[in-house]
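Only one structure is covered here, and it is reproduced in the block below.
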Amino acid sequence: MLTRKTLRHVLIVLLSLAGTTLSAQVAFVQSSIIYSTNDAGTLADTTAVFTIREIVIEGNKHTKDKIILRELSFGEGEQYPLNVLIQRFNSAKLQLMNTTLFDNVVVSLENVRGNEAVVNVTVKERCYVFPTPFVKIIGQTFQEWCQAMNFEQVTYGIKLKHKNISGLNDQVDLKWSNGYAKELGLKYSGLALDHELKWSAGFSVSTGKVRDIAYCTEANQRLSYNDNNRFIYSYLEATASLTYRPAIRTKHTFGIGFTKQAFCDSLGKMNKNFTNEYSKVTYPEVFYNMQYQDLDFIPYPTKGYAANFLFQKKGLNSPIDLWQLTARTTAFWPLSPKTFINLQVTGTIKLPFDQPYTQQGFVGQNGMFLQGYEDYVIDGVAGGFTKASFNRNLLDHNFHIKSKKFKQLNDIPLKVYGKAFGNAGYVYNSNRGSNFLNNTFLYSGGVGLDIVLFYDVIFRFEYSFNHLGGNGLYLHDKNNL
């Protein structure tokens, strides 16, 4: 027979078990995920309003928290409807991926109690150090060089890049080369100057000397002069810059530079317009660059808009006195989840038109090229071109390689796009000489494959033809926005 004391003990145990079960259920509700960019399903109620109680950042072993917080368009204590948060979460993921600091980013919202919630930002850091040794054979093919094994006609060296040296998204580039050409260069960018990370600074310096240099362009081909026994050109270049990024998408860069060059006398004799017969040239430079980017993924965009405006003033008097304006805009419009079109327009003007040969570079220099004209050089002082393409995704796959030492290899994304493209342009030169591609309408087209590896390693295989009837297969390894 149960006594009152026994019944009281049994009741206490049952209430304790019920309380434990209820607490577990409450805890489960409190930690439930409301939305995640990793699994963006359909939500029943997107009008519910949430207050962000806390932002939790995970996975950043090297990158500082404030670099991640800088890319978010929401903060602690702010209140938004769920549909607005979803848009801002997706935008935050794109912005963080566009820093090229991470292989993956997941932004999620977890319910705490009532209308209060916690935002979790989980990142997967990528490898930040990229050493690249290189060997370049000058003036002959590899097979020809193997027969003579002339090491005097070989340039060798290493390029070293660290994309996040202090954890504040600052970058160091070091280049060293020796042999036929000698060069030592150092570039640093992204030095944070304020707590809000709106202002940053950078600098670059490079020096070198070469035995081979182009002294003129004839029939849109560069003619070079070389001397295997001595260096015929030496240089010293230095710049310092200040960058202002007030919000997310727009960046302003102000800079100054200094250039010192020395040429052998033979170059001025072969082309009096090379540097107006000066064998030594020293000049200052000031520049301003405005960059706007609203793209889904900067290394290989499929949606969005970008614009760039560059102003440069080089030198003060003869032989270098250059005012240059360059503007470029590009747009990407998705037609379906797997297809998009791209349109790009670029224009440049250099004043005065009468410039020395060293300042006339146009198509074929500084990342500006026309598909189908890769075998030509088109110098000029004014002009522009437009590019259009239709792109379709053919392959989107992740390869998995198990590696405890190199965890970045555990997940290797690969995307392949097929495309058809067309170009049109015009480059003006006040003294074109035998350069038949100047002062005439240029147009070309073709098809190609773009391979996107490790998110931002781009290889472009393109078969193109031009208005002259020429055609060929070309490889490009850059994404020139």
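Key figures
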item	result
Near pairs, Cβ below 9 angstrom, 6+ apart or cross-chain, from region 345-367 (farther than 18 Å from T330 by Cα) to any residue that is of a type in the set (A, V, I, L, M) and loosely packed, with under 15 Cβ neighbours inside 10 Å	I349/L325; K350/L325; L351/L325
Of all residues in region 265-277 being out of contact with any Leu (no Cβ under 9 Å at 6 or more places or on another chain) and buried (at least 17 other Cβ atoms within 10 Å of the Cβ), the one that is farthest from I320 (Cα to Cα)	L267
Entirely in region 67-133, the strands (runs of 3 or more DSSP E) that have 3 or more residues that are surrounded by 17 or more Cβ atoms within 10 Å (Cβ to Cβ)	102-113, 116-125
Hits in region 461-475 - residues which are of a type outside the set (A, V, I, L, M, F, W, C) and closer than 16 Å to S389 by Cα	E462, Y463, S464, N466
Among the candidates T207, T253, T259, residue that is polar (S, T, N, Q), in a strand (DSSP E or B) and under 24 Å from E152 (Cβ atoms)	T207
Sole residue being surrounded by fewer than 18 Cβ atoms within 10 Å (Cβ to Cβ) and within 23 Å of D294 (Cα to Cα), chosen from L343, L351	L343
Within region 305-331, considering residues that are over 21 Å from G347 (Cβ atoms) and touching a residue at least 24 places away in the same chain (Cβ under 8 Å), the one surrounded by the fewest Cβ atoms within 10 Å (Cβ to Cβ)	L316
Spans of strands (runs of 3 or more DSSP E) in region 281-377 with at least 2 residues of a type in the set (F, W, Y)	304-317, 320-336
Meets criteria (closer than 30 Å to P413 by Cα, assigned to a strand (DSSP E or B), charged (D, E, K, R) and outside the structural domain of G257 (by TED's automatic domain parsing)) for K161	yes
Complete set of residues in region 60-94 that are touching a helix residue (DSSP H, G or I) at 6+ places or on another chain (Cβ under 6 Å) and not hydroxyl-bearing (S, T, Y)	E71, L72, F74
Residue, farthest from H397 (Cα to Cα), within region 422-462, restricted to residues that are surrounded by fewer than 19 Cβ atoms within 10 Å (Cβ to Cβ) and β-branched (V, I, T)	T440
Residue match in region 139-155 (condition: touching a Lys or Arg at 6+ places or on another chain (Cβ under 8 Å), surrounded by 18 or more Cβ atoms within 10 Å (Cβ to Cβ), modelled with pLDDT under 95 and assigned to a strand (DSSP E or B))	yes
W199 being surrounded by fewer than 18 Cβ atoms within 10 Å (Cβ to Cβ), more than 18 Å from G255 (Cβ to Cβ), without any contact (Cβ under 8 Å) to a residue 60 or more places away in the chain and among the aromatic types (F, W, Y)	no
Top-ranked residue of region 211-228 - restricted to ones that are more than 20 Å from E374 (Cβ to Cβ) and polar (S, T, N, Q), ranked as surrounded by the fewest Cβ atoms within 10 Å (Cβ to Cβ)	N228
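The values are calculated or read from the model by the stated rules, or taken from the named source; none is laboratory data. Owing to the predicted nature of the structure, the values given are computational and were not obtained by experimental measurement. A quick note on method: Cβ atoms are made from the backbone with ideal geometry, for glycine too, and the neighbour counts reach across all protein chains shown.
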